[in-house]
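All remarks here apply to the structure that follows.
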Amino acid sequence: MTHTAAFCYGKEVLTIPTTRRERYTAEEYAAAKSVDLAAFLMANGYELTRHSGCYKGKLHDSLVIRDDGRWYWNSRDLHGYSPVELYKHILLNDYGYTDEVTAALAAVKQLAGSRGAYTFPERKPKPTPTRAPDTPLRLPPPNINNNHVMAYLCRTRGLDPEITRRLIGERKIYEDIPYHNAVFVAYDSRDRPQNAFMRGTISMAEKTFKRDVDFSDKSYPFTVSGHKNSDAVYCFESVIDAISHASLYKLTGQEWNSGHRISLGGTSFLGLDRFLSDNPRVARIVSCLDNDETGNRRSARLADEYAAMGYTVEREAPLLKDFNEDLLDYLQQESEEDLEL
């Protein structure tokens, strides 16, 4: 017989159908919230690497756990203080859990050091996806048009239509089928897809769909190419920020394609390293990472590391959190000024 069990998670009370699940106690939840998550993960075989003032994931280099307990999973746009919340996402991503409610319960029980009367099944970590270097990335099938993508990128996110169409023409952006996601593709020097990221285009969705295409090589950055002889590269955390920056340059009368723009897919420098290796003409690096604690700290690290290699390094921070917010704010101000005329 199926019963209904309610349990507390954060500030919400969730009700789920269950036959053998238990509610965790307030003491278990309090214990789970006080755990040093980095120490817990390493003690249980989850690999982290030590950096100044924080730990970074070895499997996921955009996962950062600070010494003060704050954590960021930049590639998934997640952040917070709760060890339970982060461990829940780790169970879902790396240990085969498919149900968010089950993962939340397991996170509390395991962090608290008590699995309760009924144990959850042991889960083996998912194998790290691999792909032979000479094998092109298998991309999602394309739709017959890009109408949803154009509407989302140009109307909702404010990107310049001409720049967006150019990237579609270069096969760097397209709309998939049947979900109508925007697919952003990075190619190698032989024009073969090596890295791709999918983003949902349903602007009213409660939580935007985001996911890397399986077997993507994150060392290949999405690139908005500038002039062939350009010696500058602008670095961003996301594709939309890179295109937003180009759109702002165009809107303000600047030569938007005077430099290359790349998306690092977070704050890792792997994509920058490969881009510099493939483009020896580049001598100037401009960090356009987000204007937040992580973006500013990583920009300072970028300046130290790459200036030591002989590059000219500059910081061009957005006025708000990121360049898409800057672009939307600029368009809003322009629209208000037009209404006043």
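Miscellaneous remarks
- Residue selected from the stretch 82-103 under the condition at pLDDT 85 or above and either over 19 Å from the mean Cα position of the chain (by Cα) or within 22 Å of Ser268 (Cα to Cα) (or both), by the criterion surrounded by the fewest Cβ atoms within 10 Å (Cβ to Cβ): Ser82
- Matching residues, the stretch 67-81, being crowded, with 16+ Cβ neighbours inside 10 Å and in contact (Cβ under 8 Å) with a residue 12 or more places away in the chain: Gly69, Trp71, Tyr72, Trp73, Asn74, Ser75, Arg76
- Residue check, Thr267 assigned by TED's automatic domain parsing to the domain that holds Met198, farther than 14 Å from Asp160 by Cβ, of a type outside the set (Phe, Trp, Tyr) and at pLDDT 95 or above: no
- Residue check, Arg284 in contact (Cβ under 8 Å) with a residue 24 or more places away in the chain and crowded, with 24+ Cβ neighbours inside 10 Å: no
This table checks each residue for (1) touching an Asp or Glu at 6+ places or on another chain (Cβ under 7 Å); (2) at pLDDT below 50; (3) under 26 Å from Gly266 (Cα atoms); (4) not assigned by TED's automatic domain parsing to the domain that holds Tyr87.
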{"residue": "Phe7", "(1), (2), (3), (4)": "no, yes, no, yes"}
{"residue": "Val13", "(1), (2), (3), (4)": "no, yes, no, yes"}
{"residue": "Tyr24", "(1), (2), (3), (4)": "no, no, no, no"}
{"residue": "Lys33", "(1), (2), (3), (4)": "no, no, no, no"}
{"residue": "Leu37", "(1), (2), (3), (4)": "no, no, yes, no"}
{"residue": "Phe40", "(1), (2), (3), (4)": "no, no, yes, no"}
{"residue": "Cys54", "(1), (2), (3), (4)": "yes, no, yes, yes"}
{"residue": "Ile65", "(1), (2), (3), (4)": "no, no, yes, yes"}
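- Any hit, the stretch 48-58, residues being in contact (Cβ under 8 Å) with a residue 40 or more places away in the chain and outside any loop (DSSP other than H, G, I, E, B): no
- Being among the hydroxyl-bearing types (Ser, Thr, Tyr) and farther than 19 Å from Ser230 by Cβ is a property that does not hold for Ser287.
- Within the stretch 177-193, not a single residue is surrounded by fewer than 16 Cβ atoms within 10 Å (Cβ to Cβ), within 26 Å of Asp329 (Cβ to Cβ) and without any contact (Cβ under 8 Å) to a residue 60 or more places away in the chain.
- Strands (runs of 3 or more DSSP E) (entirely within the stretch 116-234) containing at least 1 residues that are at negative phi, assigned by TED's automatic domain parsing to the domain that holds Val282 and modelled with pLDDT under 90: 210-212
- Some residue of the stretch 210-222 being surrounded by 13 or more Cβ atoms within 10 Å (Cβ to Cβ), in contact with a Gly (Cβ under 7 Å, 6 or more places away or on another chain) and farther than 23 Å from Leu59 by Cα: no
- Selection of the stretch 79-97 for residues being over 18 Å from Asn44 (Cα atoms) and either assigned to a loop (DSSP other than H, G, I, E, B) or in contact with an Asp or Glu (Cβ under 8 Å, 6 or more places away or on another chain) (or both) yields Tyr81, Ser82.
- The set of residues in the stretch 287-337 that are among the aliphatic types (A, V, I, L, M) and either touching a residue at least 60 places away in the same chain (Cβ under 8 Å) or part of a loop (DSSP other than H, G, I, E, B) (or both) comprises Leu289, Leu302, Ala308, Met309, Ala317, Leu319, Leu320, Leu327, Leu328, Leu331.
- Residues of the stretch 253-270 that are without any contact (Cβ under 8 Å) to a residue 60 or more places away in the chain and either of a type in the set (Gly, Ala, Ser) or within 22 Å of Thr156 (Cα to Cα) (or both): Gly253, Ser258, Gly259, Arg261, Ile262.
- Residues that are touching a His at 6+ places or on another chain (Cβ under 7 Å) and at negative phi occur in the stretch 288-308; there is at least one.
The values are calculated or read from the model by the stated rules, or taken from the named source; none is laboratory data. If you're wondering where the values come from, they're calculated on a predicted model, not measured in any experiment. Counting neighbours? That spans all protein chains shown, and the Cβs are built from the backbone with ideal geometry, glycine included.
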